[in-house]
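Notes for the one structure printed next.
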Amino acid sequence: MKTILSDSINKAASFIKEGELVAFPTETVYGIGANAYDEKAVKKIFKIKGRPADNPLIVHIASKKDIGILAKEITPSAKKIIKEFFPGPVTVILKKNEIVPDIVTAGLDTIAIRMPSSKIARELIKLSGVPIAAPSANFSGSPSPTSFRHVMSDLSRKIPCILIGPASKYGLESTVIDCTGKIPVILRPGSITLEELKKKIDKRIVFKKNAGKIKSPGQKYRHYAPEAKVKLISEFGFGNADLKRETSNVKRQTIKEKSSAFAFIGLSKKFAGSYKVVKICRSTEEYAKSLFSFFRECDDKGIKTIYCQRVPEKGIGLAIMNRLKKAISN
Ligand code: TXA
Ligand code: MG
């Protein structure tokens, strides 16, 4: 199949209207979308991504009015979240309406709804005239794409259209919040942080790591992983006694292999120099934004092991550590 790269939102919308797939930019990561009401079109997403059928999709909207069409009931907590954070990098889970095909929600009686802040994404949805069901535009399991070039490397020749846009502003997928109960539960942490949600929505909100496994099926699969091995190192660097052994291993192998096959990403300057590819981030926000792109860069350069510096699990650090832990577990 020929894949066109286009910056015409109109052109991209015409593919959606015809029941085809379009990859498009959002502020979190790039998505691969289809008309959410078109079962056949949605089926193609699962096939092309190699996505397990029990992993439901997020439905993207351009107007808050659509929530009432897709969801049976907008709970008080969802109302607050929508008012505060839509459009933005956040997804709410609500009871679904009949109009949504089962394939979109993997047979669940709930639906994930998100209104992106990306103007290009919203314009695409508007011009398509339907909500767009879309997961991240990568092969299942690999790091989510944060630029159209990443999408090209995974999906060229597999979909008819990639809508070109800027690199994703946040670089990690949206915060997913189950709003079906009295107290909202975070199923996947993201750029809208637990602290912010506690402050603005409900101080009882928690991130339930294991609720995610049952309630958000996507969370049980290995994810976000590059080809290279991912290893975590202490947030304090290699000064930590437990990690001394690791350091000496790295040094030995580096000498043995002459050219280093290791990479580092983190916040601490003291690691520069020991690795072939190094990314020192000035903030946790920059770490979040760069992580998936760095994974892909390392794979392109044939890196064998990527050392990632731990960060405290607060603020956006909770989302970074969530993705890192999934990248190492297999
Ligand atoms: O930022 C994002 O959310 C990106 C962009 C493209 O919008 N999309 C994205 O989609 O990350 P995906 O498919 O890669 O991840 C969707 C997550 C999965 O963990 C899935 O299990 C969960 O949302 N999810 C979807 N529908 C759900 C539902 N009804 N109940 C619980 N979890 C759900
Ligand atoms: Mg994904």
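Worth a mention:
- Criterion applied to S168, S144, S140, S191 was being within 21 Å of N322 (Cβ to Cβ), in contact with a strand residue (DSSP E or B) (Cβ under 6 Å, 6 or more places away or on another chain) and either open to solvent by less than 10 Å² (accessible area, probe 1.4 Å) or assigned to a loop (DSSP other than H, G, I, E, B) (or both), and the one residue passing it is S144.
- Candidates in region 147-165 are the residues that are among the hydrophobic types (A, V, I, L, M, F, W, C) and open to solvent by 10 Å² or more (accessible area, probe 1.4 Å); of these, the one that is nearest to ligand 1 (Cβ to nearest atom) is F148.
- Within region 310-330, the set of residues being open to solvent by 10 Å² or more (accessible area, probe 1.4 Å) and either in contact with a helix residue (DSSP H, G or I) (Cβ under 9 Å, 6 or more places away or on another chain) or outside any loop (DSSP other than H, G, I, E, B) (or both) comprises R310, P312, E313, K314, G315, I316, L318, N322, K325, K326, I328.
- The single condition from (1) open to solvent by 60 Å² or more (accessible area, probe 1.4 Å); (2) in a helix (DSSP H, G or I); (3) away from ligand 2 (no atom under 16 Å from the Cβ) that E98 fails is (2).
- Residue count for region 27-86, restricted to those that are farther than 22 Å from L197 by Cα and of a type in the set (F, W, Y): 3.
- Positions within region 109-124 being touching a residue at least 60 places away in the same chain (Cβ under 8 Å) and either in a loop (DSSP other than H, G, I, E, B) or near ligand 1 (Cβ under 10 Å from one of its atoms) (or both), in sequence order: T110, A112, R114, P116, S117, S118, A121
- Tally of residues being under 14 Å from S191 (Cβ atoms) and either out of contact with any Cys (no Cβ under 9 Å at 6 or more places or on another chain) or open to solvent by 10 Å² or more (accessible area, probe 1.4 Å) (or both) across region 285-309: 5
- Within region 83-94, the set of residues being hydrophobic (A, V, I, L, M, F, W, C) and assigned to a helix (DSSP H, G or I) comprises F85 only.
- Some residue of region 106-125 being open to solvent by 10 Å² or more (accessible area, probe 1.4 Å), under 26 Å from G50 (Cβ atoms) and within 16 Å of ligand 2 (Cβ to nearest atom): yes
- Any hit, region 119-132, residues being within 17 Å of the chain's Cα centre (by Cα), modelled with pLDDT of 95 or more and closer than 25 Å to N10 by Cβ: yes
The values are calculated or read from the model by the stated rules, or taken from the named source; none is laboratory data. All figures in this text were calculated on a predicted structure; none of them were measured in a lab. Positions of Cβ are backbone-derived with ideal geometry, glycine not excepted, and every protein chain shown enters the neighbour counts. The protein model used for the area step is the full one, side chains on, heavy atoms only, and it has no ligands, DNA or RNA in it. Shrake-Rupley method; radii C 1.70, N 1.55, O 1.52, S 1.80 Å.
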